[in-house]
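Just below is one structure, and these are the notes that go with it.
The values are calculated or read from the model by the stated rules, or taken from the named source; none is laboratory data. Small disclaimer: the values here were computed from a predicted structure and weren't measured. Quick reminder, even Gly has a Cβ in these numbers, built from the backbone with ideal geometry, and neighbours come from all protein chains shown. We work out accessible area using only protein heavy atoms, side chains counted, and drop any ligands, DNA or RNA first. Shrake-Rupley method; radii C 1.70, N 1.55, O 1.52, S 1.80 Å.
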Amino acid sequence: MTISAVPTKPWAKSPRDRVRDIAFILISIVSSYVVVAATPMKGKLAYAFVLFFSYALITGTFSFITRGAPAAKDSVVKTLVAIGAVLTVVPIASILFTVLKNGLPGIHKGLFTTDMSMATPTDPIIVGGLLHAITGTLTLVVVALIMSVPIGILTALYLTEIQGKFSGPIRFLVQAMSGVPSIVAGLFILSSVLYPITKSYSALMGALALTILMIPTVARTSEEVLLLIPNDLREAGTALGGTQWRTVAMIVLPAARSGLMTAVILGIARIAGETAPILLLTGGGDKVNPNAFSGSVGSLPYYIWKSFNAGSPEAITRAWAGLLVLMLLVLILFITARALSSRKISK
Amino acid sequence: MSTTTLIPSPRDITTEPRRSDKVFRGVVTGGGLSSLVILGLIAIFLAYRGYGVMRTEGFSFITSPKWEITVDESANVVSSDFGLSAMLVGTILCSIVAVVIALPISVFSALFLNFYAPEWLKRILVTIIDMMAAFPSILFGIWGFLVLMPSVEYWAKIINKYLGWIPFFEVKPYFVTRSPFIAGVVLAIMIIPIITSVSREIFAQAPLDRIQAAFALGATRWAMIKAVVIPHGRSGVIGGAMLGLGRAMGETVAVYTVLNIIFQVNWHILFGAGGNVASLIILRFGEASAYEINALMAAGLVLFLLTLIVNALANLIVKSTGKSGR
């Protein structure tokens, strides 16, 4: 006679437990409606408040009856913690939703082929487009990339490969630099380059300020990636007679390639929507300006800012459309960075 | 005899790096020192530009609430009175409101992510929260102004109705639109991702053996968190909150769009008047004369030093918890 042991999962929820959980939720939803109808409280806030309060109360009481005071506390905390997570996610859902809803009416065929040189923000939406803003943002990002990526990666290399006596202070300074307010970066370029040297707005000025904001992001992410490269690779390089320079250039950096790409993309996402220094330094022209070194240049944040401050319904729709394009840009960059960083070490 | 010529002379064994390595190390060290150079240059240039204004204004640059300048037709300064106290109070008020709102929400959601959420939900939520941290501030500003403001005004009215007897929540005269409270809520939403991800990382470092020991002794999840996770992560969470504070203090565009900027020291968070140093710079920059620009540079220097101190403290706190691991 064989006895077959059936594995049990005493911690798993039985169907009865599930029914009970759903019943609790239903009861609290119903009670929230009843309470809101019966008392002078009104509005979404009241519904949400009563809903969570009654859910916490019901589950807390149930746990107290079945398992005592510690379990009651535990279940109340569980509700609280879930509320925290919900409150974290609600704003982003609202942002995504409203930007999509308000931005889509502003999207039209000419948006990506025309600029605003023949239009004002208060014109009908069909007139004019975003071309100058998109090309301007592109110019700013590319120029900022050329300056910030080498510096950022060199900083990361110093922290991981050389590990000199300044490593601690520099790590600290890089972190301090990531907290520099964007407007201060703008003022710095204004005082150090724009007023004494060039005396005019240009994409280069904006890009210099963006470089300051981008370096810490690139440096910190690259450092994390370089730390993940196994030391065996470095030792193998040295054992084969490679100098440190050749080991880093031929082995470490290629191995960290996709991780470094992630760092760069996160840096771009950080600066693409940066507004304050752009307002101070680029002048915000309405025409496509291919010259990065002179002349005012438009950009997505500047366009949004200008349209938003113009205030008419058309202008506000323009601002939303600009926000939609900017948000999509940031989302695409972010998702690309995520996809790349899921394989941090290349083959 | 001829064989000896085939044997190469032995190489010198040396720890001296090759020239290529010397160059490499020099270049990398130079790059590494760039952050020091940039931070130093920022302080030097802003101080250089703002020095004149700070000397004429003296101590009242910090204590006076006024920001006035009179110029004659040929743009000569007739009289000027620059003071930052209203803006500094506004900066501190808005960012403290933001941290007070954001801290509990962030800690709760970090606890949820680490100890309550199933793995799939955790992965999705972490991605969403990280993504939110990458959103540009102008997005938060315009969304806050057009979408969030009506609701927050309604909340502000409720708070004023029931808690108006606390001097902090007093509103006199009754004007609750575009108040520091609303700016604080928008800033809170902007810094929640930062505080959440710092707290999440700190909580994840809570020693596993102690967590398991707590469970083995029959602790509920909350009892375990109270006994193990919170003592371990407390100072790290404080550091995260200060990082958020630093970000909130330097925020420009979002505050400018939402807040009613008035040069008046206002400690009543629900009253529709306030400002912060960064928004002052944006507000005045467009029409500023050369002399006023210098005053704005000095204001920028004050803001820079303020955020630098807050950030440095925050990083020190976070770093020291990461290492100790009780």
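Estimated at the nearest 10 Å², the accessible area of residue B:319 is 100 Å² with a 1.4 Å probe.
Using a probe of 1.4 Å, the accessible surface attributed to residue A:235 totals some 110 Å² when neighbouring protein chains are kept in position.
Compared with the dominant Cα axis of chain A, that is its longest principal axis, helix A:300-310 is turned about 80°.
Can you give the FRET efficiency for residue B:204 and residue A:339, using 1/(1 + (r/R0)^6), R0 = 25 Å, r = Cβ-Cβ distance, to the nearest 0.05? Don't jump to the answer; show the numbers that get you there.
Numbers: r = 23 Å, r/R0 = 0.93.
According to the calculation, E is roughly 0.60.
Tell me, what is the FRET efficiency for residue A:66 and residue B:161 to the nearest 0.05, using R0 = 41 angstrom and their Cβ-Cβ distance as r? Mind dumping the intermediate values first?
Values: r = 40 Å, r/R0 = 0.97.
My answer for the efficiency is 0.55.
Under 15 Å of direct C-alpha separation, and excluding same-chain neighbours fewer than eight residues apart, residue A:44 reaches these aspartates and glutamates: B:153. Kirkwood analysis of the protein assembly as shown, using all unique Cα-Cα pairs, places the hydrodynamic radius at 27.7 Å.
Counting Cβ atoms of other protein chains within 10 Å of each residue's Cβ and taking the mean over peptide B:308-319 gives 3.
Assuming 1.306 mPa s and 10 °C, estimate D for region B:116-275 with Stokes-Einstein, Rh taken as the Kirkwood radius over Cα pairs, in µm²/s.
On the way: Rh = 18.0 Å.
It diffuses with D of about 88 µm²/s by this estimate.
Share of Cα-Cα pairs in region A:222-347 beyond 17 Å, in percent? The share of Cα pairs beyond 17 Å in region A:222-347 comes to 68 percent. For the set B:51, B:116, the ranking by accessible area, highest first and with no ligand, DNA or RNA atoms included, is B:51, B:116 under a 1.4 Å probe. Heavy-atom accessible area with a 1.4 Å probe sorts A:253, B:301, largest first, into A:253, B:301.
So what's the projected area for region A:131-342, the Cα convex hull averaged over all directions, in nm²? Show your work: numbers first, answer last.
On the way: hull surface 52.3 nm².
Spelled out: convex hull of the Cα atoms, projected over all directions, averaged, 13.1 nm².
Principal-axis analysis of the Cα atoms of chain A puts helix A:167-178 at an angle of about 80° to the longest axis. Annotation for residue B:27 and residue B:126: the two label points, set 7 Å from Cα along the Cα-Cβ direction, are 3.6 nm apart.
Taking the alpha carbon gyration tensor of region A:171-224, what are the square roots of 5 times its eigenvalues, largest first, to the nearest whole Å? Please report the intermediate quantities before stating the final value.
On the way: eigenvalues 119, 24, 11 Å².
Over the Cα atoms of region A:171-224, the semi-axes work out to 24, 11, 7 Å.
Here the spin labels are modelled as points 7 Å beyond Cα on the Cα-Cβ line, and at residue B:230 and residue A:46 they lie 3.3 nm apart.
Available extension along the chain between residue A:90 and residue A:33 is 18.4 nm, counting 0.36 nm per residue and deducting the alpha carbon span. If you take the Cα centroid of region A:275-304 and the Cα centroid of region A:200-229, the two points sit 19 Å apart.
What is the interface area between chains B and A, defined as buried accessible area summed over both chains with a 1.4 Å probe, reported in Å² to the nearest 100? Could you put the intermediate results ahead of the total?
Numbers: alone 18650 and 20210 Å², together 31800 Å².
It comes to approximately 7100 Å² buried between B and A.
Residue ranking by accessible heavy-atom surface, 1.4 Å probe, largest first, among A:101, A:199, A:109, A:78 comes out as A:109, A:199, A:101, A:78. The calculated 222 nm mean residue ellipticity attributable to helices in chain A amounts to -22500 deg cm²/dmol, summing -39500 (n - 2.57) over DSSP H runs of n ≥ 4 and dividing by all residues. Only counting protein heavy atoms at a 1.4 Å probe, give the residues of region A:230-254, ordered by number, whose accessible area falls by 30 Å² or more when the other protein chains are present relative to the chain alone. Correct list: A:243, A:244, A:245. The fraction of all Cα pairs in chain B landing in successive 20 Å bins from 0 to the largest distance is 25, 45, 21, 6, 2, 0, given as whole percents. Among the protein heavy atoms of region A:19-105, carbon and sulfur supply 81% of the accessible surface, probe 1.4 Å, non-protein parts ignored.
For chain A, find the longest principal axis of its Cα atoms and tell me its angle to the long axis of helix A:69-103, 0 to 90°, nearest 10. The answer is roughly 40 degrees. Proximity of backbone amide H atoms, modeled 1.01 Å from N, is registered between residue B:71 and B:78 at under 5 Å, excluding neighbours fewer than 5 places apart on the same chain.
Determine the gain in length on full extension of the stretch residue A:126-residue A:332; use 0.36 nm per residue of separation and subtract their C-alpha separation, reporting nm with one decimal.
Values: separation 206, 0.36 × 206 = 74.16 nm, distance 2.59 nm.
Difference between extended and current length: 71.6 nm.
Note on residue A:6: accessible area is roughly 110 Å² with a 1.4 Å probe, heavy atoms of protein only. Going 7 Å from the Cα of residue A:97 along its beta-carbon direction, which residues of region B:185-211 have the amide nitrogen within less than 19 Å of the resulting point? From region B:185-211, the list is B:186, B:189-190.
At a 1.4 Å probe, what is the % contribution of carbon and sulfur to the accessible area of chain B?
Working: 9910 of 15160 Å².
The C+S portion of the solvent-accessible surface of chain B is 65 percent.
At a probe radius of 1.4 angstrom, the accessible area of the protein assembly as shown per residue rounds to 47 square angstrom.
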